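Structure first, commentary second.
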Amino acid sequence: MVSLGKAQDIATSKSLKKRKFTLYTGLGPNFYFNNLVISKDYVRELNYAFVTRFMWEPEHFLSLGFETGYNRLYSIKESPNANSQIKINNAAIPIQLVVSMKFLKDFYGSFTMGQSILLNNVSTLNNGISNQTNATSVSLGDFGLNLGYRKSISDRFFLGTELKLFYSSKLNDKNMGLLFMTGYRF
C-alpha cells in the first residue's frame, strides 16, 4: 500500500516530467531582397511564409529537428500593354534540418540547412487567350538563420515571434520574415 505522501510525490514527479518533443507552427510576412534584372520594378517584395517545425528538446540548451513550410519568395504582376498581362509567383518549400540553441531563458537562435522544392507559376493573358506554365525544381543547398523569442503560457503551450532569414542557393534568392509562432510540447 502506498502512503498518501508517496502518492503525492509520484503525482508531482509525473506532472514535472520533462516533455522532449515540440511541434511549432508559424505564419507571417516576409520581404524579398530583389536581385532580379528583368522586371525588377514590377516585383512585389512583400509576401508571406508559414513554417512547421518538429523539434527534439532535451534538458540541454541544444535542440535538433526538421522544418518544412511554404515561403512565397516574390510575385510579379505586369501589363506590358492594354491587351496583355503577366503574373509570376515564385515560392520555396523547404525540407531542412534544424539546430537550435537557447541563449537566454526565452530567447533562441537556430540554423537550418537542407533542400527546397522551388515552385514557379507563370500565367499570361494576351488578347483574351490565357496560358499557364508551372515549373518545379530542387535547390540542394539552402540555409536559414532564425532569432526568436518564445514564452511558455502553460506546461505544454508556447507563443512567440521569430525573425527568419532564408537563402536559396539555386537562384541566389534571399528573404527575411517575421513569423508569429505557436508551440505544443508533447
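The values are calculated or read from the model by the stated rules, or taken from the named source; none is laboratory data. In this text the structure is predicted, and so the values were computed from the model without any measurement. Glycine also receives a Cβ, built like all others from the backbone with ideal geometry; neighbour counts cover every protein chain displayed. Surface accessibility is based on the protein's heavy atoms, side chains included, excluding ligands, DNA and RNA. Shrake-Rupley method; radii C 1.70, N 1.55, O 1.52, S 1.80 Å.
Residue by residue, here is whether (1) over 22 Å from residue 29 (Cα atoms); (2) within 22 Å of the chain's Cα centre (by Cα); (3) of a type in the set (Asp, Glu) holds:
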site: 124; (1), (2), (3): yes, no, no
site: 127; (1), (2), (3): yes, no, no
site: 134; (1), (2), (3): yes, no, no
site: 141; (1), (2), (3): yes, yes, no
site: 145; (1), (2), (3): no, yes, no
site: 148; (1), (2), (3): no, yes, no
site: 154; (1), (2), (3): yes, no, no
site: 160; (1), (2), (3): no, yes, no
site: 163; (1), (2), (3): no, yes, no
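For the range 143-186, which residues satisfy the criterion of being part of a strand (DSSP E or B), under 23 Å from residue 58 (Cα atoms) and aromatic (Phe, Trp, Tyr)? Result: 149, 157, 158, 184. Residues of the range 121-132 include none that is open to solvent by less than 70 Å² (accessible area, probe 1.4 Å), among the hydroxyl-bearing types (Ser, Thr, Tyr), in a strand (DSSP E or B) and touching an Asp or Glu at 6+ places or on another chain (Cβ under 7 Å). Against the criterion of being under 20 Å from residue 178 (Cα atoms), open to solvent by less than 30 Å² (accessible area, probe 1.4 Å), of a type in the set (Phe, Trp, Tyr) and not in a loop (DSSP other than H, G, I, E, B), residue 24 qualifies.
One residue stands out among those in the range 133-152 that are among the β-branched types (Val, Ile, Thr) and modelled with pLDDT of 95 or more: the one that is most open to solvent (accessible area, probe 1.4 Å), which is 136. Checking each residue in the range 53-69 for being hydroxyl-bearing (Ser, Thr, Tyr) and open to solvent by less than 50 Å² (accessible area, probe 1.4 Å) picks out only 63.
Filtering the range 98-116 to residues that are of a type in the set (A, V, I, L, M, F, W, C) and under 17 Å from residue 148 (Cβ atoms) leaves 98, 99, 101, 103, 104, 107, 111. So is residue 167 touching a residue at least 24 places away in the same chain (Cβ under 8 Å), open to solvent by 70 Å² or more (accessible area, probe 1.4 Å) and within 13 Å of the chain's Cα centre (by Cα) or not? Considered against the rule, which asks whether it is touching a residue at least 24 places away in the same chain (Cβ under 8 Å), open to solvent by 70 Å² or more (accessible area, probe 1.4 Å) and within 13 Å of the chain's Cα centre (by Cα), residue 167 comes out as yes. Criterion applied to 95, 88 was being assigned to a strand (DSSP E or B) and open to solvent by less than 70 Å² (accessible area, probe 1.4 Å), and the one residue passing it is 88.
Being farther than 21 Å from residue 184 by Cβ, aromatic (Phe, Trp, Tyr), open to solvent by 50 Å² or more (accessible area, probe 1.4 Å) and modelled with pLDDT under 90 is not true of residue 48. When residue 104 is tested against (1) out of contact with any Lys or Arg (no Cβ under 8 Å at 6 or more places or on another chain); (2) in contact (Cβ under 8 Å) with a residue 24 or more places away in the chain, exactly one condition is not met: (2).
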